[in-house]
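Peer 1: So that we are looking at the same thing, I have put the structure below in structure tokens.
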Amino acid sequence: MIINHPLLGPRDSQEFVYLGDASLIDRPNAMAETALDDFHDYLYLRDNPAGSHKELWFHEQGDRSWLVVTRDVTTHEITDVELASDYAKRRGRDR
Amino acid sequence: MRYSAFRLFLEGLQGQSGWKPVWRDAAPQASYDYVIVGGGGHGLATAHYLAKVYKKARIAVLEKGWIGGGNVGRNTTIIRSNYLLDGNEPLYEFSLKLWEGLEQDLNYNAMVSQRGILNLCHSDVQRDAYRRRGNAMILNGADAELLDQDQVREMAPFLDFENARFPIKGGLLQRRGGTVRHDAVAWGYARSADSHGVDIIQNCEVTGFRIENGAIRGLETGRGYIGTKKIGVAVAGSSSRVMAMAGLRLPIESHVLQAFVSEGLKPLIPGVITFGAGHFYISQSDKGGLVFGGDIDGYNSYAQRGNLPVVVDVLEGGMALMPMIGRARLLRMWGGIMDMSMDGSPVIDRTPIDGLYFNGGWCYGGFKATPASGYAFAHLLATDMPHETATQLRLDRFRTGALIDEKGAGAQPNLH
Ligand SMILES: Cc1cc2nc3c(=O)[nH]c(=O)nc-3n(C[C@H](O)[C@H](O)[C@H](O)COP(=O)(O)OP(=O)(O)OC[C@H]3O[C@@H](n4cnc5c(N)ncnc54)[C@H](O)[C@@H]3O)c2cc1C
């Protein structure tokens with residue numbers, strides 16, 4: 001697979017480390033009443049869809065940036081790549 | 001029809017004209033007492049034990065494709081019970097014992113071959129870890145032997161003992177481990193379940209569950225609605241997709257694992273051998289092909305094919321371990337979708353929905369578990385209590401923290 005890095009252009013997926021579902025960006029609020037349940041779901045449960053999947057890849061052997069890659073997991077086709085920081089800010093995080 | 005040497009002789013005289021299809025092509029009935037979703041090894045074994053051991057009737061197995069078309073027909077056929085943790089080892093050892101009597105139980109030749117599995121170690125630390133594992137196995141009634149370098153050399157003289165980076169220091173041997181003809185396991189269980197009255201319904205995809213007041217009432221399928229109050233789901237790589245139809249999210253990611261077969265060679269590899277420094281394992285099929293594999297590709301996948309980097313990694317592992325295989329030509333390679341759980345161990349449990357039971361999360365090691373998994377799942381379905389070998393394989397262990405993490409890798413399925 002080739003990942004089209006937003007800053008560096010097309011890179012071999014071998015240069016990256018895979019973390020998993022991009023929902024890991026949405027870390028729950030530890031102070032909430034429901035924190036115990038929220039963290040269980042956050043840490044252990046996954047949608048695991050058969051289709052388009054947003055996921056976190058770390059460019060370990062490159063510029064060490066985190067990317068959010070949108071990939072069809074039934075074909076390995078990548079349709080979108082963006083910096084995880086841009087994605088996170090759009091979702092209301094400060095970084 | 002029972003299989004026997006006499007039967008074979010008789011059919012020889014009658015021009016092989018008396019053989020019958022091994023199971024009926026059943027059409028779905030309006031309702032069943034038990035419906036098993038998924039006609040892989042685990043689903044078929046569940047139906048067999050439910051009917052034969054637990055004496056239940058009105059059972060159906062629903063399979064969206066054909067029997068044996070899933071992972072049960074895609075795996076590298078290794079059986080073993082060399083796990084470390086108490087949550088796992090009793091089930092796998094129970095499974096190995098069931099394998100040992102399987103062919104008599106099913107009256108079907110599954111080619112169970114206890115040719116042994118040898119895990120190589122390449123450092124003193126690894127030897128210590130294997131010693132601990134071997135002791136844990138013995139405590140659970142399994143067999144294990146720690147071999148030194150000379151003993152390994154005697155078994156497998158062709159290994160690269162003096163490899164500069166990963167010299168071979170010894171190994172952990174389980175003589176009762178080995179291989180089984182995978183398709184025959186599916187067919188043997190299907191035949192036996194059928195002969196005990198189970199309807200095996202192929203080309204019947206489950207497309208939804210009917211749930212009322214938190215309890216199962218039936219399921220929607222490509223071949224119409226079927227009423228039932230007890231459903232056991234055993235769909236391996238499709239676990240998340242099927243359970244999502246009941247509104248459940250699982251501690252599972254689907255990943256692809258690849259396998260490889262070389263051209264047929266004369267007998268070469270004595271049993272199953274695993275490389276302890278990279279991920280590579282190998283055995284030789286009865287037809288002579290070298291059957292080998294390694295790591296999962298490492299990212300979510302429902303594509304039943306993998307990518308090249310892992311192919312390279314597996315072949316490099318093989319070359320580091322036994323350089324001679326560089327001369328063999330690769331014949332086939334394929335991939336299967338694995339239900340990788342968050343702690344690397346399986347689940348056999350009830351769900352929050354009354355009458356809906358789940359069996360999954362087998363990762364890349366569910367073939368060896370087929371008999372015990374089916375037995376334990378049948379026990380759960382029949383009695384509503386966990387089988388004694390599966391008490392820790394609970395769905396809520398991720399909430400309570402009682403994880404069964406053989407590798408201590410944490411909630412990261414691609415590291416298990
Ligand atoms: C390449 C590879 C190598 C492996 N090597 C080994 C090994 O050496 N040793 C070992 O122990 N394990 C191994 N495994 C793992 C093992 O194959 C699996 O863990 C095990 O087969 C899974 O259980 P099963 O046989 O029931 O799965 P499957 O055979 O996959 O059965 C699941 C069935 O469910 C059906 N299904 C899915 N969705 C639906 C639906 N909606 N409705 C109806 N039916 C549905 C599927 O069509 C499928 O037939 C390997 C796996 C792979 C891919």
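Peer 1: Tally the residues that are of a type in the set (Gly, Ala, Ser) and in contact with a Lys or Arg (Cβ under 6 Å, 6 or more places away or on another chain), restricting the search to the range B:210-235.
Peer 2: Residues that pass the stated criteria total 1.
Peer 1: So residue B:251 clears everything in (1) within 14 Å of another protein chain (Cβ to nearest Cβ); (2) within 15 Å of the ligand (Cβ to nearest atom) except one condition, right? Which one?
Peer 2: The number of the failed condition is (2).
Peer 1: Within the range A:17-47, which residues are of a type in the set (Gly, Ala, Ser), open to solvent by 50 Å² or more (accessible area, probe 1.4 Å) and at the interface with another protein chain (Cβ under 10 Å from one of its Cβ atoms)?
Peer 2: Step one: list which residues in the range A:17-47 are of a type in the set (Gly, Ala, Ser), which gives A:20, A:22-23, A:30, A:32, A:35.
Narrowing further to those that are open to solvent by 50 Å² or more (accessible area, probe 1.4 Å): A:30.
Those that are of a type in the set (Gly, Ala, Ser), open to solvent by 50 Å² or more (accessible area, probe 1.4 Å) and at the interface with another protein chain (Cβ under 10 Å from one of its Cβ atoms): none in the range A:17-47.
Peer 1: Being closer than 28 Å to residue B:367 by Cβ, within 16 Å of the ligand (Cβ to nearest atom) and in contact with a Cys (Cβ under 6 Å, 6 or more places away or on another chain) narrows it down to one residue among B:221, B:179, B:228; which is it?
Peer 2: Working: B:179 fails: in contact with a Cys (Cβ under 6 Å, 6 or more places away or on another chain); B:228 fails: in contact with a Cys (Cβ under 6 Å, 6 or more places away or on another chain).
Result: B:221 is the single residue among B:221, B:179, B:228 that is closer than 28 Å to residue B:367 by Cβ, within 16 Å of the ligand (Cβ to nearest atom) and in contact with a Cys (Cβ under 6 Å, 6 or more places away or on another chain).
Peer 1: Just one of (1) surrounded by fewer than 24 Cβ atoms within 10 Å (Cβ to Cβ); (2) in contact (Cβ under 8 Å) with a residue 12 or more places away in the chain; (3) in contact with a helix residue (DSSP H, G or I) (Cβ under 7 Å, 6 or more places away or on another chain) trips up residue B:291, so point out which.
Peer 2: (3)
Peer 1: List pairs: first in the range B:223-247 and within 14 Å of chain A (Cβ to nearest Cβ), second among the acidic types (Asp, Glu), Cβ under 6 Å, 6+ apart or cross-chain?
Peer 2: Pairs that qualify, where the first residue is within 14 Å of chain A (Cβ to nearest Cβ) and the partner is among the acidic types (Asp, Glu), are B:236/B:339; B:237/B:339; B:239/B:339.
Peer 1: How many of the residues in the range B:237-268 are aliphatic (A, V, I, L, M) and open to solvent by 10 Å² or more (accessible area, probe 1.4 Å)?
Peer 2: Count: 9.
Peer 1: Which of (1) at the interface with another protein chain (Cβ under 10 Å from one of its Cβ atoms); (2) of a type in the set (A, V, I, L, M, F, W, C); (3) part of a strand (DSSP E or B) does residue A:3 not meet, given it meets every other one?
Peer 2: (1)
Peer 1: Looking at B:310, B:256, which is the one that is at pLDDT 95 or above and either out of contact with any strand residue (DSSP E or B) (no Cβ under 7 Å at 6 or more places or on another chain) or outside any strand (DSSP E or B) (or both)?
Peer 2: Selected residue: B:310, the only one of B:310, B:256 that is at pLDDT 95 or above and either out of contact with any strand residue (DSSP E or B) (no Cβ under 7 Å at 6 or more places or on another chain) or outside any strand (DSSP E or B) (or both).
Peer 1: Can you report the number of residues in the range B:295-317 which are over 23 Å from the mean Cα position of the chain (by Cα) and crowded, with 21+ Cβ neighbours inside 10 Å?
Peer 2: 1
Peer 1: Quick check on residue B:353: is it away from chain A (no Cβ under 14 Å) and within 13 Å of the ligand (Cβ to nearest atom)?
Peer 2: Spelling it out, it is not the case that residue B:353 is away from chain A (no Cβ under 14 Å) and within 13 Å of the ligand (Cβ to nearest atom).
Peer 1: For the structure I just gave you, tell me whether residue B:336 is open to solvent by less than 60 Å² (accessible area, probe 1.4 Å), farther than 26 Å from residue B:36 by Cβ and outside the structural domain of residue B:377 (by TED's automatic domain parsing). Explain how you work it out, then say what you get.
Peer 2: Values: open to solvent by less than 60 Å² (accessible area, probe 1.4 Å): yes; farther than 26 Å from residue B:36 by Cβ: no; outside the structural domain of residue B:377 (by TED's automatic domain parsing): yes.
So residue B:336 does not fit the description; no.
Peer 1: Restrict the check to the range A:49-58 and report whether at least one residue is without any contact (Cβ under 8 Å) to a residue 24 or more places away in the chain and under 14 Å from the mean Cα position of the chain (by Cα).
Peer 2: No, there is no match, as no residue in the range A:49-58 is without any contact (Cβ under 8 Å) to a residue 24 or more places away in the chain and under 14 Å from the mean Cα position of the chain (by Cα).
Peer 1: Here are the criteria: (1) within 21 Å of the chain's Cα centre (by Cα); (2) more than 16 Å from the ligand (Cβ to nearest atom); (3) over 22 Å from residue B:72 (Cα atoms). Tell me which single one residue B:400 does not satisfy.
Peer 2: (1)
Peer 1: Within the range B:130-157, how many residues are free of Cβ contacts under 8 Å to residues at least 40 places away in the same chain and touching a Cys at 6+ places or on another chain (Cβ under 8 Å)?
Peer 2: Summing the residues that are free of Cβ contacts under 8 Å to residues at least 40 places away in the same chain and touching a Cys at 6+ places or on another chain (Cβ under 8 Å) in the range B:130-157 gives 0.
Peer 1: Within the range B:369-384, can one find any residue that is in a loop (DSSP other than H, G, I, E, B) and not assigned by TED's automatic domain parsing to the domain that holds residue B:158? If you could, list the steps in order and put the result at the bottom.
Peer 2: Going residue by residue through the range B:369-384, those that are in a loop (DSSP other than H, G, I, E, B) are B:369, B:384.
Narrowing further to those that are not assigned by TED's automatic domain parsing to the domain that holds residue B:158: B:369, B:384.
Looking through the range B:369-384, at least one residue is in a loop (DSSP other than H, G, I, E, B) and not assigned by TED's automatic domain parsing to the domain that holds residue B:158.
Peer 1: Give the residue that is farthest from the other protein chains (Cβ to nearest Cβ), with candidates limited to residues of the range B:396-410 that are in a loop (DSSP other than H, G, I, E, B) and out of contact with any Gly (no Cβ under 9 Å at 6 or more places or on another chain).
Peer 2: B:408
Peer 1: Right, next: Is there any pair linking a residue in the range B:190-207 that is in contact (Cβ under 8 Å) with a residue 40 or more places away in the chain to one that is among the aliphatic types (A, V, I, L, M) and away from the ligand (no atom under 16 Å from the Cβ), with Cβ under 8 Å and at least six apart or on different chains, and which?
Peer 2: Cβ pairs passing all conditions: B:190/B:22; B:191/B:22; B:193/B:51; B:194/B:22; B:196/B:51; B:197/B:51; B:197/B:57; B:198/B:51.
The values are calculated or read from the model by the stated rules, or taken from the named source; none is laboratory data. Keep in mind it's a predicted model, so treat the numbers as computed, not measured. Reconstructed Cβ throughout: ideal geometry from the backbone, glycine too, with neighbour counts over all protein chains shown. Just the protein is used for accessible areas: all its heavy atoms, side chains included, with ligands, DNA and RNA removed. Shrake-Rupley method; radii C 1.70, N 1.55, O 1.52, S 1.80 Å.
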